[in-house]
1. For the stretch B:14-38, how many residues meet the condition of being more than 17 Å from residue A:51 (Cα to Cα) and either of a type in the set (A, V, I, L, M) or in a helix (DSSP H, G or I) (or both)?
2. Which one is nearest to the chain's Cα centre (by Cα), of the residues in the stretch A:57-98 that are among the basic types (Lys, Arg) and at the interface with chain B (Cβ under 7 Å from one of its Cβ atoms)?
3. If we keep just the residues of the stretch B:39-63 that are outside any helix (DSSP H, G or I) and of a type in the set (S, T, N, Q), which is nearest to residue A:11 (Cα to Cα)?
4. Taking the condition of being modelled with pLDDT under 95 and more than 7 Å from chain B (Cβ to nearest Cβ), how many residues in the stretch A:34-52 meet it?
There are 2 protein chains.
Amino acid sequence: MSDPKTQGQIVTVTIFGQEYSIRGKGDEEHIRQVAAYVDERMNLIQDQTSITSPARLAILTALNIADELYTLRREKDRIFNEFEEKTRELSDALNQGMSEV
Amino acid sequence: MSDPKTQGQIVTVTIFGQEYSIRGKGDEEHIRQVAAYVDERMNLIQDQTSITSPARLAILTALNIADELYTLRREKDRIFNEFEEKTRELSDALNQGMSEV
């Protein structure tokens, strides 16, 4: 989202009291949602810890969000594998039924 | 991952030259993978921009990873909906076949 070479509109958002001009592939609403999520998580981590350094808070925020991303990747793979297995079972059952008719 | 109340082992990782003692629900390998991902993305953003403030770089890293998370959520929902639709179609076809026999 921060790559200056990426095409897309520029949206100005505020995170942890600082403004950022973000150029993203998504629409403005998507960029604002993502920025609000980061801001919310960073404030939550500040509330839950005694950390005051914005850089450390931001890195812990990035770590938390990356943890969610990795967990979701596993969840997506699980759903995809379940999907493949289930459709194979049903296709086999359907083909079996058709050949028996 | 940073919530001090969360149960789990503590793993010390280095991100952008600073050490962080992380307590996470996952195993050590998972925590190290997530930390390496954040470190890699933060260095990449530093290389691609003229930003020098670690706090701004970390927030842009968090924004990038949150953008990936939102994109993956949509992708997971799409797969899940496709899964439901496909299994419904196949179940209907199977039931139809069985009632015709």
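The values are calculated or read from the model by the stated rules, or taken from the named source; none is laboratory data. Note that the coordinates shown come from a computational prediction; the quantities given were computed from them, not determined experimentally. Note that we place each Cβ from the backbone using ideal geometry, even for glycine, and neighbour counts take in every protein chain shown.
1. Going through the stretch B:14-38 one residue at a time, the tally reaches 11.
2. So the first thing to find is which residues in the stretch A:57-98 are among the basic types (Lys, Arg), and the list is A:73-74, A:76, A:78, A:86, A:88.
If we keep only those that are at the interface with chain B (Cβ under 7 Å from one of its Cβ atoms) as well, we get A:73, A:76, A:86.
On the way: A:73: 9, A:76: 12, A:86: 26 Å.
For the stretch A:57-98, the residue satisfying everything is A:73.
3. By that ranking, first place goes to B:49.
4. 3
Let's see how each residue does on (1) in contact with an Asp or Glu (Cβ under 9 Å, 6 or more places away or on another chain); (2) surrounded by 15 or more Cβ atoms within 10 Å (Cβ to Cβ); (3) of a type outside the set (Phe, Trp, Tyr):
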position: A:40; (1), (2), (3): no, no, yes
position: A:47; (1), (2), (3): no, no, yes
position: A:55; (1), (2), (3): no, yes, yes
position: A:58; (1), (2), (3): no, yes, yes
position: A:70; (1), (2), (3): no, yes, no
position: A:76; (1), (2), (3): yes, yes, yes
position: A:81; (1), (2), (3): no, no, yes
position: A:87; (1), (2), (3): no, yes, yes
